[in-house]
Amino acid sequence: MGGLAMGTLGASAGYSTSPFVATDGPEVLAADEARSRGPVVEFRVEARTSEVDLGGRVMPAWCYGGAIPGTPVRVKVGDRLKATMANRLPHETSIHWHGIPVRNDADGVPHLTQEPVAPGADYTYQFTATHPGTYWFHPHTGTQLDRGLYSPLIVEDPNEPLVYDNEWIVVLDDWTERDPDEVLADLEKGMTHAGMGHTRATSNLLGGDAGNVQYPYFILNGRSPADAAVFQAKPGQRVRIRFLNAGSDTVFRVAVGGHQMQVTHADGYAVVPVQTDALLLGMGERYDVIVTLGDGVFPLVALAEGKNDAAFAIIRTGGGEAPPASVRPAELNRHIVSYRQLKPAAAVEMQSKLLDRSIRLQLTGSMRGYNWGFNGKRFDHAKPLKNPYEVVIGERVRLDFINTTGMFHPVHLHGHTFALGSPAGPRKDTAIVLPGQVLKAYFDADNPGLWMIHCHNVYHAAAGMMAVLAYRREA
Ligand SMILES: [Cu+2]
C-alpha cells in the first residue's frame, strides 16, 4: 500500500530542484482541496489473469475481477473515491482513470506519477469524482490494455437532467489470442500490419490506413458475435446507451438498425442534443445517446472501421427472429455525426478568455520505422521528464495537434477536459486527428501536476507517441 505515501517519487522527480511541481506537491494538494468533496466511497479492483469465454472459445486474458469488461464501477459526483488495486498479475501495473481530473498522484502513470505496483502488491488511489459522466479505467503500462484490462467507471448525477427508462453500457474491443508484446515486436520489426499478411485495413472515414493489427474477434461487452449480448426493453422506452471504445487499434462505427440516436454526451460532457444515424468512436472515446425503441428485434452493430468485420448485439423489445451477426444496418452508411456538429451544453461551455500559451505538437512517424512520436521525438518511458511541454497554473492553453503522418491518431490529454476546435467547441478528453489534419484543443491549466498527452492506439503509445505536460512550480 503506498497510494498516499508518494513523497519518495515526488522527491525523486526532484521536487526541491525541479522547475516542475511534484506529483504530490503543495499546488497539487491545494487544487485537490478546492474540489467538491462528498463521502468517501471505497472499492477494490483485482487485476488478475483469467480465462474468458468469447462465445464457445475460451482464451487466456488479463482482466479486472476476472471478467471482460471488468464490472462497471458506479459512484456519485462529488464522491471521494478510495480505490485499492490488488495486483495479482505476473507483471507490474497501475491504473489510469481515463477522463477524470484526478489528483495528479492518482493518475496511474508508472515512473511519472507513481512507481509501478509490483506483482502481489496492493495500491490505493484517492481522488474526487468531479464531474458526472461515462469514464473508464485501464493500465498505463506497455500493451497491457490489449490483454483485456478495462472497466467502465460511471459517475452519476443525483440531479440527472436526462429522462430515460433504461441504461445500457456498451463496451467495444478488438481481441486477439496473440501476446500483444509479440504483436508490438512484429510492428517494431517493420511488419507493417502485424498478423495481417498483405491485407491492409483502409477507411475513407479515417483518411486511409485504418489500423496495424489483425484481430480475429471484435467483441461487445466481452462477447463475440457468435454469443451476442441481448438487451431487453419495452417498445417505446427511452434507453440511454453509454458507448465506450476500449479497443487498442480499432475505430468502431456504431448504429442501431431501424433507429436514430440522439447524442447527449461526448467523453462524459453534455452536448446540445443532436440526432444521428451512426457514431464513429476512436480508441478511448465515449458517447452517450438516447434511443427511443421500436417494437421488435434490432441489431446493434459496431463496424470495425476498415477491417471488414464487426462487433454485434441484439436489442429485443418484441417477438421475432433475431437478425444474423452478418447484418449491416443501412444506418451505418447514413449520417455520422461529426465533431463540428457537436456543441457543448451551456453548463459545460468553456468561458472565453485570452490565450496565454500554445503548444505545437506535430504527430510524427511512420509504419515503416514504427517510430511514432511528437515533434520527431519518441517518448523515453524510462526518463519521462526528459522533454516536457511546460504550462503555468491559471493559463489558457491551446494544444495544436498537427498530423504529418499517413495515419489517424486518437489523441488523449490526462487530467483535463479540453474544448475541441475552439473554446466554444464540445468538451472532450480524446479526439481523432486525421492524416494531414490540424486539431486544436483548448484547456485551462487548473489541475497542477505532470500529465500525459498521447495517442490512444496502445501500440503507437508504446512505440513513443507520448509526451508530458508539466506545470511549472510557482516562483
Ligand atoms: Cu497513433
Exercise. Is the shape of the chain best called rounded, prolate or oblate, per the rule: a/c under 1.5 gives rounded, else a/b larger than b/c gives prolate, else oblate, with a ≥ b ≥ c the square roots of the Cα gyration tensor eigenvalues?
Worked result: rounded
Problem set entry | Separation of the Glu167 and Asp356 label points, Cα + 7 Å toward Cβ, nm | 3.5 nm
Exercise. If you find the alpha carbon centre of the range 428-475 and of the range 301-378, how far apart are they in angstrom?
Worked result: 17 Å
Seminar exercise, completed: Calc'd 3J(HN,Hα), the range 145-160, phi into Karplus 6.51 cos²θ - 1.76 cosθ + 1.60 (θ = phi - 60°), Hz, glycine/Pro = x, comes to 3, 6, 8, x, 7, 7, 7, x, 10, 9, 9, 8, 9, x, 10, 3
Problem set entry | Full-stretch length increase - Phe43, Val438 - with 0.36 nm per residue and alpha-carbon distance subtracted | 138.2 nm
For this session: Would you please give the residues with an amide H less than 5 Å from that of Phe408, counting only those at least 5 places away or on a separate chain, with H modeled from the backbone geometry?
Result: none
Seminar exercise, completed: For the range 349-471 the mean separation of alpha carbon contacts under 8 Å (6+ apart) over residue count, i.e. relative contact order in percent, is 32 percent
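Using helices alone, what [θ] at 222 nm do you get for the chain, with -39,500 (n - 2.57) per DSSP H run of 4 or more residues, divided over all residues and rounded to the nearest 500?
It comes out at -1500 deg cm²/dmol, rounded to the nearest 500.
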Exercise. With the Cα gyration tensor of the range 340-475 giving a ≥ b ≥ c as the square roots of its eigenvalues, does the rule (a/c under 1.5 for rounded; else a/b larger than b/c for prolate; else oblate) give rounded, prolate or oblate?
Worked result: oblate
Exercise. What is the dipole size for the range 7-156, taken about its Cα centre, with +1 at each Lys and Arg Cβ and -1 at each Asp and Glu Cβ, in debye to the nearest 20?
Worked result: 340 debye
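So what is the relative contact order of the range 114-217, in percent, for Cα pairs below 8 Å that sit 6 or more residues apart?
Across the range 114-217, relative contact order equals 19 percent.
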Seminar exercise, completed: Given unit charges at Cβ for Lys, Arg (+) and Asp, Glu (-), the dipole magnitude of the range 349-471 about its Cα centre in debye, nearest 20, is 340 debye
Problem set entry | For Pro39, net neighbour charge (Lys/Arg +1, Asp/Glu -1) across residues whose Cβ lies under 9 Å away | +2
Seminar exercise, completed: With a ≥ b ≥ c from the Cα gyration tensor eigenvalues, square-rooted, and the rule rounded for a/c under 1.5, otherwise prolate when a/b > b/c and oblate otherwise, the range 252-314 is oblate
Problem set entry | Sites Arg57 and Arg340, calculated FRET efficiency, Cβ-Cβ separation with R0 35 Å, nearest 0.05 | 0.30
Exercise. FRET efficiency for Arg74 and Thr292, Cβ-Cβ distance as r, R0 = 25 Å, nearest 0.05?
Worked result: 0.55
Problem set entry | Extreme residue, positive dipole direction of the chain, given options His259, Tyr64, Ala229 (C-beta unit charges) | His259
Exercise. Which order results if Ile241, Ile219 are arranged by neighbouring Cβ count within 10 Å, fewest first?
Worked result: Ile241, Ile219
Exercise. Any idea what the dipole of the chain comes to, in debye rounded to 20, about its Cα centre with Lys/Arg Cβ at +1 and Asp/Glu Cβ at -1?
Worked result: 780 debye
For this session: Pop out the ³J(HN,Hα) list for the range 291-303 in order, Karplus 6.51 cos²θ - 1.76 cosθ + 1.60 with θ = phi - 60°, rounded to Hz; leave Gly and Pro as x.
Result: 10, 9, 7, x, 9, x, 10, 10, x, 10, 10, 10, 5
Seminar exercise, completed: The exposure ranking of Asp181, Asp79, fewest beta-carbon neighbours within 10 Å first, is Asp181, Asp79
For this session: Sort Met59, Met350, Met465 so the one with the fewest other Cβ atoms within 10 Å of its own Cβ comes first.
Result: Met59, Met350, Met465
Exercise. What is the set of long-range amide H partners of Ile169 at a cut-off below 5 Å, with H atoms built 1.01 Å from backbone N?
Worked result: Arg242
Problem set entry | Residues with amide H under 5 Å from that of Phe312, placed H, sequence gap 5 or more | Leu220, Ala302
Exercise. For the range 380-421 and the range 245-295, what is the separation of their C-alpha centers, rounded to whole Å?
Worked result: 25 Å
Problem set entry | Integer Hz, Karplus 6.51/-1.76/1.60 couplings in order for the range 433-446, x for Gly and Pro | 10, 7, x, x, 8, 10, 10, 9, 10, 9, 8, 9, 7, 10
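None of the figures in this text is laboratory data; all of them are computed from the coordinates on show. Quick caveat, the model's predicted, so the values are computed rather than measured. Don't worry about glycine lacking a Cβ; one is built from the backbone with ideal geometry, like all the others, and counts go over all protein chains shown.
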